[in-house]
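The values are calculated or read from the model by the stated rules, or taken from the named source; none is laboratory data. Every value quoted in this text rests on a predicted model; they were computed, and no experiment measured them. Note that each Cβ is placed from the backbone with ideal geometry, even for glycine, and that neighbours are counted across all protein chains shown.
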Amino acid sequence: MLVCHGTASYAFPEYTSRQKALKLAGVLENGYFKSVKISSVFVKNIGEDDYYLQALLSDGSSRKWLLNRIREWTQTDELILSNNRALVFPSSATTDFGVLEKNDFYRTALNATAYVKTFGKHDVLEGKSLVLGILHFRILQEDDSNYLKTNKHGDRYRYALELENGTYEYLTYNDAFLLMQRSALLEEVPETVNVLRKSYKVKEMKKIPLRLEDELHDIWRFGIEVVFDKPIMTDADKFPYRVVEVKKKDLNTGRLKSSFFLQIVFPNAEKRTLVKGFRKHEYLHQVKIETDKEHQKRVILKAMVDPNVMELPPYVEVTDRNSVVVNYYRSQNRNLTQPPDLPVTQSPSEVPRSVFTPDKLETEFEKKYMKVLVLLRDSQQQQNMNLRINTYFKALEALKKASLSAENDIQITRALNQRDVLLRTLPKLIIRNVQMTILAKKLDQQETKPDPELSKELLAQLAQAERYASNDDQQYKIASLQKILR
């Protein structure tokens, strides 16, 4: 549900149209204002097109509600809608409003396997999208660093999407509403769409020497090849460039001196080790790969340039050898404004007690959550580690079913918290189980032949552990164990 009404004011408006006010009044009825139930809401006006609301509360008080105050109260949770919904104002400059059906959003987020991230305004990647694999969805709580923090519009962060590439998307109610509007959370991904599950790690840079590209137009080309650890599944247009001017004071003259840097931006990428750069390559100086400090999992190929020698913009190619080539051009032909066409090869701990009892089950969530608790108790009594781990996996599936049947924030938070406890525990259990199994086989002198079925089962467990491992030490142990089993 989205109702639009434009305004020219830069501050959030106090008044709106009659039609918009009538619809908003209907949305607010039966909600709560500062924990007092809203009995009814009336529409009033001070001019032909300036409407506001008058609310009657269950304690008998009556209040004049201007639109800017309504927006502020929704941001601070002083104004809450009925039926686990949230009022949102997608624009900070207009009285457009919408209603986020939180239960629908939770079900969508919990079932989603991929997230279509579209880069926003003032980003060099503005308007471009990447499809990223989702690892977890959760509601922010007191121990989260962004709990109760707000964005620049004053909207509180409510949720977090933890993505498989190690980044986090913190979402406000507005963000969640807009994600639902554009169907950005995907349960099923078309076969033609590449889902990015891991970031690209930079391994090295190589120089591509100067060569004649177009004899007729006197165009010469050279380049930098950035080599990564895996095939690049991102289209070349997702690696944009920009020229940045940096002003520094000259120590001799005291005047500001401008330096220009040509930057190629690589999203979903990171630099974990030292990558050797170049002092000079043709008209590029101080060529190096840097981590973008403002964005998660993003690196920048940076070089100082004289903008006067750049007749043509750089051109990016994705190769079939785990690399991206950035082509640079030089020419004496001043009539050129576009680069030539080039062939592009795109290419847990103690189980928490339930707040309800088995003989008083009332909701679908409570029934399903009780099944989870039974599975967890059974698993902790299981001496066979393989069976214990398999029971934990069954508990995870049961938790997902319970989450999807949740009807309020308390229920879904309880289920997601229990899920997170399990996911922190499973990698440690699996690593220990595989280590002990391998050791037992070595000690058993009678066991001379490898058991392919056992190896297959252990490798499947390690694949799950790898997905949810929380640190580099766990990842290293998992990789070592996988190597032994293979």
Is it the case that segment 240-263 has a residue that's closer than 30 Å to GLU162 by Cα and of a type in the set (A, V, I, L, M, F, W, C)? no
Flag for ASP341 being more than 29 Å from the chain's Cα centre (by Cα), modelled with pLDDT of 50 or more and surrounded by fewer than 17 Cβ atoms within 10 Å (Cβ to Cβ): no
Out of curiosity, is GLN382 more than 23 Å from ASN111 (Cβ to Cβ), polar (S, T, N, Q) and either exposed (fewer than 13 other Cβ atoms within 10 Å of the Cβ) or outside the structural domain of GLN141 (by TED's automatic domain parsing) (or both)? yes
Return a yes/no flag: does segment 436-443 have any residue that is touching a strand residue (DSSP E or B) at 6+ places or on another chain (Cβ under 9 Å) and either in a helix (DSSP H, G or I) or surrounded by 14 or more Cβ atoms within 10 Å (Cβ to Cβ) (or both). no
Going by the conditions given, is GLN418 closer than 29 Å to ASP104 by Cβ, buried (at least 18 other Cβ atoms within 10 Å of the Cβ) and at pLDDT below 90? yes
If I ask for residues that are in a strand (DSSP E or B) and in contact with a Ser or Thr (Cβ under 7 Å, 6 or more places away or on another chain), which ones from segment 249-306 would you list? ALA269, GLU270, VAL299, MET304
Can you name every residue in segment 120-135 that is touching a Lys or Arg at 6+ places or on another chain (Cβ under 9 Å) and more than 21 Å from VAL193 (Cβ to Cβ)? VAL124
Tally up the residues in segment 139-186 that are more than 12 Å from the chain's Cα centre (by Cα) and assigned to a loop (DSSP other than H, G, I, E, B), please. 17
For LYS102, all conditions in the list (1) surrounded by 20 or more Cβ atoms within 10 Å (Cβ to Cβ); (2) out of contact with any Asp or Glu (no Cβ under 8 Å at 6 or more places or on another chain) hold save one; what is the number of the exception? (2)
Of the criteria (1) over 30 Å from VAL421 (Cα atoms); (2) outside any strand (DSSP E or B); (3) modelled with pLDDT of 95 or more; (4) not polar (S, T, N, Q), which one ALA109 fails: (1)
Suppose we filter LYS238, LYS206 for residues that are more than 24 Å from the chain's Cα centre (by Cα) and not polar (S, T, N, Q); which single one remains? LYS206
Among the residues of segment 46-58, is any farther than 21 Å from GLU78 by Cβ and among the hydrophobic types (A, V, I, L, M, F, W, C)? yes
So for segment 218-240 (the condition being at pLDDT below 95, within 20 Å of GLU311 (Cα to Cα), exposed (fewer than 15 other Cβ atoms within 10 Å of the Cβ) and among the β-branched types (Val, Ile, Thr)), does at least one residue qualify? no
Being within 30 Å of GLU162 (Cα to Cα) and either hydroxyl-bearing (Ser, Thr, Tyr) or at pLDDT 90 or above (or both) is the filter here, so list the residues in segment 424-443 that pass it. THR425, LEU426, PRO427, LYS428, LEU429, ILE430, ILE431, ARG432, ASN433, VAL434, GLN435
Test result for ARG182, among the basic types (Lys, Arg) and crowded, with 16+ Cβ neighbours inside 10 Å: no
For segment 395-415, what are the residues that are part of a helix (DSSP H, G or I) and within 13 Å of ARG107 (Cβ to Cβ)? LYS400, LYS401, ALA402, SER403, LEU404, GLN411, ILE412, ALA415
Determine whether segment 84-105 contains at least one residue that is acidic (Asp, Glu), over 30 Å from LEU132 (Cα atoms) and in contact with a Lys or Arg (Cβ under 9 Å, 6 or more places away or on another chain). no
Among the residues of segment 140-159, which ones are in contact with a Leu (Cβ under 7 Å, 6 or more places away or on another chain) and either at pLDDT below 95 or surrounded by fewer than 17 Cβ atoms within 10 Å (Cβ to Cβ) (or both)? ASN146, TYR147
Can you tell me which condition VAL351 does not meet? The list is (1) modelled with pLDDT under 90; (2) in contact with a Ser or Thr (Cβ under 7 Å, 6 or more places away or on another chain), and all the others hold. (2)
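Residue-wise test of (1) in contact with a Leu (Cβ under 6 Å, 6 or more places away or on another chain); (2) surrounded by fewer than 18 Cβ atoms within 10 Å (Cβ to Cβ); (3) outside the structural domain of ARG182 (by TED's automatic domain parsing).
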| position | (1), (2), (3) |
| --- | --- |
| LYS20 | no, no, yes |
| ARG69 | no, yes, yes |
| GLU72 | no, yes, yes |
| PHE89 | no, no, yes |
| SER92 | no, yes, yes |
| LYS117 | yes, no, no |
| HIS122 | no, yes, no |
| SER129 | no, yes, no |
